[in-house]
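A short reminder: the numbers here are calculations on the coordinates, not readings from a lab. Everything numeric in this text was worked out from a predicted model, so none of it was measured. Here Cβ is always computed from backbone atoms with ideal geometry, including for glycine, and neighbour counts include all displayed protein chains.
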Amino acid sequence: MLILLFIAAVPLGSYMMQLSDEITTSFEGQRWAVPARVYSRSMELYSGAPVSSERLVSELKYLGYRKVSQPGATGTWAMNGERLLLRSRPFTFWDGVEPERALDIRVGGGKIKSIMNHDSGKEIDLVRLEPLEIGSIYPRDNEDRVILTPDDIPELLKKALITIEDRSYYDHFGIDPRGITRAAVSTLVKGRRQGGSTITQQLVKNYFLTPRRDLKRKSKEALMAIILDAKYDKEDILAAYANEIYLGQDGNREIHGFGLASEFFFGVPIAELEIHQIALMVGLIKAPSTYNPRRNPENSLKRRNLVLEVLAEQGVISEGSAAVAKEKSLGVVKKKSTGQGGRFPAFMDLVKRQLRRDYQPEDLTSEGLRIFTTMDPWVQKTAESNVLKRLQQLEKQKGLPKGKLEVASIIATPQDGEVLAVIGGRKAGYAGFNRALDATRQIGSLVKPAVYLTALQYPDRYALSTPLDDSKVVLHNRGSKSWSPSNYDHKDHGDVPLELALAKSYNQATVRLGMDIGVDRVVKTLHALGMSSEPDPLPSLLLGAVNMTPLEVTQLYQTIASGGYRSPLRAIREVMGPEGKALKRYPLTIKRTVPAGPVYLLSRAMQSVVTRGTSRYLLSALPKSLNLAGKTGTTDNLRDSWFAGFSSDYVTVVWVGRDDNKPAGLSGSSGALRVWADMMKPLKPSPLDLVVPGTIEMARVDSRSGMLFNPVCGGKGVEMPFLRGYTPYEEAYCDSDYLLAPAPARGSSNQVTRPGRGSRDSDGHPDFNGDSWDNNRSRPSKKSNEGLGGFLRGIF
Amino acid sequence: MKTLIVLAQLLFIVQLAGCTNSTPRVKPAPVYQHGERVGGGSTSALEMPEIGTEEGGEYGQEPGEEYRVSELDSDVPQAPTDSPVTDLSSNSLSSGGEQVAYAGSADSGASMGKAANSLLEKAESQQQAGDLSGAASTLERAVRIESRNPLLWNRLANVRLQQGHSDLAVEFASKSSEFAGSDEALKQNNSEIIDKANSPR
């Protein structure tokens with residue numbers, strides 16, 4: 001007998017050793033591909049922070065904080081007038097842990113007035129709320145999960161799992177002979193199938209085996225369950241089960257484990273779940289689809305209440321608390337995300353592109369990385385909700401076909417180039433063609449600031465006051481037809497000061513200016529601002545015959561908005577490993593690529609675009625005191641409508657047009673500008689307060705001629721900024737004389753107007769060699785010496 | 001009876017299987033382990049990431065241009081567990097760690113809020129502990145709160161100089177001076193940083 005047993009045991013033994021190895025390998029290595037989780041920026045709270053109560057409350061709602069009357073539990077808040085009490089959640093950042101805190105916040109007038117520790121009454125300098133999770137990057141098998149350690153799992157959940165799924169869990173050795181017998185009897189006698197699987201077996205089935213039902217598989221499952229139970233701690237097996245189990249579906253995405261299910265169904269971390277919520281999730285295991293609380297709320301409620309009854313029966317919870325829990329609604333939040341893009345697919349798209357440069361796809365879907373982005377949920381949401389409204393309004397107003405207008409936008413910070421929001425199309429929540437990143441469109445007059453910025457780098461020729469000739473211009477190209485661009489209003493405006501020519505976006509004046517400076521120099525400026533392509537330096541470029549994406553345009557305007565420091569736009573700040581270790585930083589970098597003085601002058605002219613140019617609409621839509629700067633853009637036949645503008649805290653680009661490139665019927669100011677204003681208004685931008693570089697000096701000039709103000713003529717003149725050493729040196733002629741004046745010259749052959757004139761080089765460009773810069777020999781020498789030095793400092 | 005024998009046998013074999021691993025009831029390994037390859041530190045030169053399409057070089061930055069400061073932040077500190085020792089190897093580029101003495105906060109005419117100030121203090125202690133990357137990160141956080149505070153840009157320049165990122169130090173110092181208004185002491189300090197950064201090693 002014994003010998004027989006031993007003969008049978010040898011092959012079985014070696015089979016089990018093989019299984020044991022299999023289990024060891026996969027259970028002790030990385031058990032799951034842990035998807036990367038992507039977070040928004042975190043809200044910083046401090047006294048004086050520009051956070052209105054509306055904004056703070058909306059942040060708390062995004063984060064799933066519960067409004068209560070007395071915030072005692074983590075993740076709850078209460079508000080009474082200007083006072084907000086908040087029990088914040090702890091969170092591990094790359095640079096340390098932000099502890100849980102009881103906060104007493106006073107908020108009013110669009111600001112945090114004070115912030116104190118509610119327990120100690122002490123003032124707190126700075127608090128960082130946890131960031132909002134905006135998406136995850138899960139692998140091709142579509143399994144998404146948030147891993148819980150045994151300690152993370154609430155006791156009640158453990159007890160409920162055992163009570164409902166496997167009551168003798170702590171007593172059996174992986175399989176439960178009594179359970180199996182019960183199941184067998186039930187099947188044989190009652191003809192009803194009943195599961196006799198233990199939690200361990202269920203884990204084995206889901207984790208190691210393919211879903212087939214036959215005796216061989218069943219035996220293997222049992223053997224593996226026994227081995228698993230023998231080798232590992234009960235608590236660890238239970239945690240593995242809680243992480244493995246399938247609990248729901250979100251499009252392609254499979255919701256695995258209670259960690260993710262808690263976020264998915266209730267929008268809160270698992271630690272904050274209440275009895276009725278835990279019961280609901282435990283009830284889901286049996287049939288996640290049938291009991292799906294969103295799709296089949298009635299089934300789900302019945303199942304949940306059944307679970308509650310059983311828990312009370314078994315003494316896990318009291319009858320009283322079961323009764324209370326049964327009265328509660330399901331407590332499920334609206335579904336927030338669909339598919340890979342999460343709630344903010346356009347922004348996630350940008351994040352993924354940035355990640356793709358530094359990470360293999362497997363790293364992103366399996367290593368449990370935490371990715372901290374620059375996205376501001378409030379900015380993103382506010383922008384999204386205002387865009388669609390305006391588009392519909394525009395379609396109605398202009399009698400455009402419904403649903404054809406598309407939109408793209410980027411909102412970034414000027415000083416550090418962080419992208420706060422991305423609008424990829426009119427339907428914000430839907431992944432798809434991301435126009436902000438992928439639609440390359442002609443930029444029209446958005447190119448003009450580059451033309452004027454180039455000119456302003458030659459202060460001996462051009463200042464804001466320099467009159468430009470806006471008469472009809474005809475350009476002859478060898479071998480091709482001549483080109484004669486006209487103004488938007490088809491009028492000639494004669495001599496216009498440079499500042500006004502930009503403000504009004506006059507094409508004729510701009511073409512003359514650009515041809516005089518040289519298109520190749522304008523291309524250089526565009527590159528300095530951040531353009532990546534290499535367009536042919538054709539005259540049509542001066543009016544925006546160059547294609548860019550809204551993202552690229554934002555880069556250009558970021559450089560201008562920061563006073564000439566280009567910061568490569570970033571969507572990610574840090575990448576952290578699963579254990580809280582910082583893995584990679586995407587640090588702030590800046591580089592001065594255009595000189596401060598000319599950028600300052602340009603920015604002043606761009607403020608004139610708003611105060612007296614094509615964007616005056618902003619004066620009525622937003623407070624005048626914001627001193628916003630910007631530029632409209634419109635392309636041929638109203639195909640593209642653009643606006644790019646900035647305050648001190650936001651640089652924002654908006655494009656409106658049609659995907660089929662048919663005319664949209666909107667100019668920059670009738671389309672994109674309106675969208676821009678709607679998006680920016682609720683953000684309450686801070687006023688643009690330009691820093692005056694040391695290379696700037698002021699002078700009072702005659703506004704018509706741009707010459708030095710002449711008191712003899714009467715009037716007041718205007719105070720204008722100039723590059724130091726390049727203020728006009730000749731006094732204006734009085735009105736009657738003005739027309740007879742020899743200067744400024746009217747540039748029939750693009751002759752430069754004032755003050756000095758360079759010689760021509762062989763290309764027909766004025767000679768801009770260094771020695772011709774300071775050719776104002778008639779000006780006081782004191783100034784010119786100081787000025788050249790100052791100017792050179794400004795340029796380099 | 002037969003079932004019992006089989007069960008006994010199974011248990012015996014399980015024990016056997018367990019014995020081969022010499023630890024009968026093992027605690028499983030941590031739930032996840034990440035490959036070293038993910039870590040920035042183990043790869044060679046880190047490039048400054050930029051946003052755009054897949055291939056490098058967009059946003060007007062030719063390869064090799066100043067943004068591609070290698071190793072800019074490869075010295076991501078280990079989570080401060082046991083030994084808060086200055087990790088010299090982590091600042092491999094600093095080669096002696098050029099430093100310019102701080103411009104005192106008090107000297108700065110710019111007023112600073114408590115939030116930014118608390119971060120400035122944190123950055124200072126990080127810098128003193130040799131965690132330069134952490135200091136830079138903290139200062140960047142402060143800059144997000146007060147983006148036009150010249151002292152913060154000055155400190156950022158200081159940290160980058162110490163890390164050996166001279167180009168960036170020059171840019172930050174210049175930016176600081178532009179925001180500095182009439183704070184001559186701070187401007188002077190920025191000039192010193194720029195001189196140091198520009199001086200040949």
The summed charge of the A:ASN142 Cβ neighbourhood (under 12 Å; Lys/Arg +1, Asp/Glu -1) stands at -2
Under the definition of Cα pairs under 8 Å and six or more residues apart, what whole-number percent is the relative contact order of the stretch A:204-316?
15
Taking every residue of A:412-420, the Cβ atoms of other protein chains inside 10 Å of its Cβ average out to 2
Given an 8 Å cut-off on Cα distances and at least 6 residues of separation, report the relative contact order of chain A as a percent.
11
Estimated inter-spin distance, A:LYS398 and B:ALA129, nm [label 7 Å along Cα→Cβ]
5.7
Take peptides A:101-109, A:369-377, A:75-83 and line them up by average Cβ neighbours within 10 Å, highest first, as a rough protection proxy.
A:369-377, A:101-109, A:75-83
If you add up the charges near A:GLU82, with Lys and Arg at +1 and Asp and Glu at -1, over every other residue whose beta carbon is less than 12 angstrom from its beta carbon, what do you get?
+3
Can you give me the long-range amide H partners of A:ILE124? Hydrogens built in the peptide plane at 1.01 Å from N, cutoff under 5 Å, separation of 5 or more residues or another chain.
A:ILE115, A:MET116, A:ASN117
Order A:198-206, A:672-680 from most to least packed using the mean count of other Cβ atoms within 10 Å.
A:672-680, A:198-206
Starting from the stretch B:145-180, pick out the chymotrypsin sites (Phe, Trp or Tyr not before Pro) whose DSSP state is loop and whose Cβ has at most 13 other Cβ atoms within 10 Å.
none
Using a 10 Å cut-off on Cβ to Cβ distances, tally the other chain neighbours for every residue of A:367-374 and report the average as a whole number.
2
For A:TYR246, which sequence-distant residues (separation of 5 or more, or a different chain) have an amide H within less than 5 Å of its own amide H, given hydrogens modelled in the peptide plane?
A:GLY257
What is the packing order of peptides A:353-361, A:645-653, taking the mean over residues of other C-beta atoms within 10 Å and listing the highest first?
A:645-653, A:353-361
Evaluate the charge dipole of the stretch A:234-355 about its Cα centre and quote only its size in Debye, nearest 20, assuming +1 on the Cβ of each Lys and Arg and -1 on the Cβ of each Asp and Glu.
620
Note: B:173-186 gets an average of partner chain Cβ contacts (10 Å, Cβ to Cβ) equal to 2
On a C-alpha basis, how far is the centre of the stretch A:236-313 from the centre of the stretch A:104-123 in Å? Whole number, if you could?
37
Specify which residue in the list A:TRP32, A:GLN380, A:PRO90 is farthest towards the positive end of the charge dipole of chain A, using unit charges on the beta carbon of Lys, Arg (+1) and Asp, Glu (-1), about the Cα centre.
A:GLN380
How charged is the neighbourhood of A:LEU502? Take every other residue with its Cβ under 9 Å from the Cβ of A:LEU502, and add Lys/Arg as +1 and Asp/Glu as -1.
+2
Using the charge dipole of the stretch A:498-590 (Lys, Arg: +1 at Cβ; Asp, Glu: -1 at Cβ; taken about the Cα centre), state which of A:PRO578, A:THR559, A:GLN508 has its Cα farthest towards the positive end.
A:PRO578
Counting each DSSP H run of 4 or more residues in chain A as -39500 (n - 2.57), what helix-only mean residue ellipticity at 222 nm follows after dividing by all residues, to the nearest 500 deg cm²/dmol?
-11000 deg cm²/dmol
Under unit Cβ charges (Lys, Arg +1; Asp, Glu -1), what dipole magnitude, rounded to 20 debye, does the stretch A:41-131 have relative to its Cα centre?
300
Here the gain from full extension of A:ASP233 to A:ARG295, 0.36 nm per residue of separation minus their alpha-carbon distance, amounts to 18.6 nm
The size of the Cβ-based charge dipole (Lys, Arg +1; Asp, Glu -1) of the stretch A:550-601 about the Cα centre, to the nearest 20 debye, is 160
To the nearest 0.05, the calculated FRET efficiency linking A:GLU123 and A:GLU579 through their beta-carbon distance, R0 being 25 Å, is 0.15
First measure r as the distance between the Cβ atoms of A:GLU82 and B:ARG148, then evaluate 1/(1 + (r/R0)^6) with R0 = 30 Å and state the FRET efficiency to the nearest 0.05.
0.60
